[in-house]
Structures are given as C-alpha cells and as structure tokens.
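One structure below.
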Amino acid sequence: MEHGDADSLGARRHVLVTGAGGQLGAALAEAFPDADARTREELDVTVPLGIRPELVLHAAAWTDVDGAEADPSGAEAVNVGGTRNVVALGAPVVYFSTDYVFDGTKGAPYVESDEPAPLSEYGRTKLAGEHEVREGWIVRSSWLFGPTGHNFVRTMLRLGAEHDEVRVVADQRGSPTYVVHLAAAIHEVLARPQGIWHVAAGGDCTWADFAEAIFEEAAVSCRVVPISTEEFGAAAPRPAYSVLGSEHPDAPKLPHWREGLRECLARL
C-alpha cells in the first residue's frame, strides 16, 4: 500500500500504540515501526496514564465477546474507561471499533451513518467507547484475524489438526479482515477527515465458509459441519449480518478476505 503524503501525519509525531500484545496492536506496531508500542503489561489503560503522545492508535480492548456477557463491568472498564483515559492524554485518537455495534437486521452492508444497535455487552461497551472519542478517527472493522493472538484462523487450524470434522456456525455473515491489511490502511485513514470510517476486507462469507477456506488453503483434511447460531449456543448474541461498507468514496479499500487469509497462512 502506498503511504506517500498520507504517512506524514503518523511519521512526524510521537505515536503511541496501546494493546501491542494483541493481534491488531502487533500489526500496528509493524505498520508504524517508529511508534511507542505498549502491551497491557507495559501500559494498563484502565488506570490514568502519565505519557504525552501526539497521536494514539488505541487497540487495547476487551475482545472476549462471550466473556463480556459474564463480566460486563470488566469489559466496560477496558472499552469505556480505558478509552476515556486514552482520550484524556489530549492527543488525537484512532479508536478501533467493531461490526458488533450493529444488530444485523439491515440485510445489506452497514455504512457509517447507520444507527448502531448492539446486541451484546461487548458491542455495547465498544459503542460507548466510540462516544468517548473527542478528536480523532473511529475505525470500525470486522472478524479480525492475524498470525498472532487469539482468532478464528488459529483456532480452526488447531481444531483441524485434532479432529476429522468441526461444527461451525453458518447463519452469521461478515467480512473476515486480516489485521496486517487493516493496520497498513491506517496511514490512509490519517490522511482523511476525522470521524467514523468502516474499513474491512473485501467480500463476505459465513463462519462455515471461512472455516472451509482455511482448511482448503492450508491443505488440512477436516470436514466442516454447518450449524445454526442457536445450535452453537454461545453466551453472547451476535448479528446475523454484519458486513461493513462505506459511504465515503475515499475510504481505504482492503484486499479480499481470501487474499488476507493466504497472506496470514504464509506467515504461520
């Protein structure tokens, strides 16, 4: 991806990356090599922070969707309180949000001006975190995966090695987004006006489609048995359709999710 002038905003500043131990934070640290990238151990956003960055790429988040149902106050402390502490540093913030701020009933790609209606505690706390941002960019993405951290690709590869078949939800549709592609696109986002931006992979699929593609690309012999959300029985409700689109003609365009998958597997 060409950075050019778009890079100048990130390049000239003291950039802080929060949550650098997670899959998105690690990708941001790679895309912004001069940034001060801090893991949760190095920088706990749930307490007041004593640093003075000029730009914050705020990837630190509670991302355990089902765990947030059991511990909503824990999720709120990170996703809302943590964001409030980051905003209090006084620098512009790139806040990473989620397709799960929507309820999935639209049936067409969600754009930035669509009204959020989160179904889960995770979605509710991420939306509340958006409302904390005073100056900066809210970047909503979806179904993140990468070569590190806890994500669907790594889970499927593990299960595929252990079992002849896996049962995977086939009635939720979204756009699996490779964190390396998302992180690289933030250089472009920084050159755009502040506000909400939807930045997700091209194409869409169900979790079952995604699992089949993972096994096919990785040459893993494992059968995918499609099941319903109800059969799977997760603690948190999830939108049935959460594909993200953009109403901004100059929104960054990411490669197709399948291309992201191939690049991710090559790094694993």
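Miscellaneous remarks
- Surface share of carbon and sulfur [accessible, 1.4 angstrom probe, percent] for segment 28-96: 48 percent
- Where a label projected 7 Å from the Cα of LEU268 along Cα→Cβ would reach, residues of segment 175-193 with amide N under 13 Å: 178-179
- Converting phi to 3J(HN,Hα) with the Karplus coefficients 6.51, -1.76 and 1.60 and the offset θ = phi - 60°, segment 253-268 yields 9, 8, x, 4, 4, 5, 5, x, 4, 4, 5, 5, 5, 5, 7, 8 Hz in sequence order, with x at every glycine or proline.
- Paramagnetic label zone (point 7 Å from Cα along Cα-to-C-beta, GLU135; backbone N under 13 Å) in segment 163-198: 194
- Of the beta bridges in the chain, as assigned by DSSP with both residues counted there, near 5 percent are antiparallel.
- Normalised by the number of residues in the chain, the mean separation of alpha-carbon contacts (under 8 Å, six or more apart) gives a relative contact order of 22 percent.
- The share of Cα pairs per 5 Å bin across segment 148-190, counted from zero up to the longest distance, runs 5, 15, 19, 20, 17, 11, 7, 4, 2, 0 percent.
- Mean residue ellipticity (222 nm) of the chain, computed from DSSP H runs ≥ 4 via -39,500 (n - 2.57), nearest 500: -9000 deg cm²/dmol
- Extension gain (nm, one decimal) between ASP114 and LYS253, 0.36 nm per residue minus Cα-Cα: 48.1 nm
- Carbon and sulfur %, accessible surface of segment 129-268 computed with the full protein complex present, 1.4 Å: 50 percent
- Peptide packing for 211-217, 185-191 was compared via the average number of neighbouring C-beta atoms within 10 Å per residue; ordered from the highest value, the list is 185-191, 211-217.
- Taking other residues whose beta carbon is less than 14 angstrom from the beta carbon of VAL47, and scoring Lys, Arg as +1 and Asp, Glu as -1, yields 0.
- Radius of gyration (Cα atoms) of the chain, expressed as a multiple of 2.2 N^0.38 Å: 0.97.
- In sequence order, calculated HN-Hα J values of segment 65-81 (Karplus, 6.51, -1.76, 1.60; Hz; x Gly/Pro): 4, 6, x, 5, 5, 7, 9, x, 6, x, 5, 5, 4, 7, 6, 9, x
- Between helix 121-132 and the chain there is an angle of about 20 degrees, using the helix long axis and the longest principal axis of the Cα atoms.
- With bins 10 Å wide beginning at 0, the percent of Cα pairs of segment 167-268 falling in each bin runs 15, 38, 33, 13, 2.
- Normalised per residue, the accessible area of the chain is 44 Å², obtained with a 1.4 Å probe and no contribution from ligands, DNA or RNA.
The values are calculated or read from the model by the stated rules, or taken from the named source; none is laboratory data. Bear in mind that the values here come from a model prediction, so they are computed numbers and not experimental data. Note that we place each Cβ from the backbone using ideal geometry, even for glycine, and neighbour counts take in every protein chain shown. Just the protein is used for accessible areas: all its heavy atoms, side chains included, with ligands, DNA and RNA removed. Shrake-Rupley method; radii C 1.70, N 1.55, O 1.52, S 1.80 Å.
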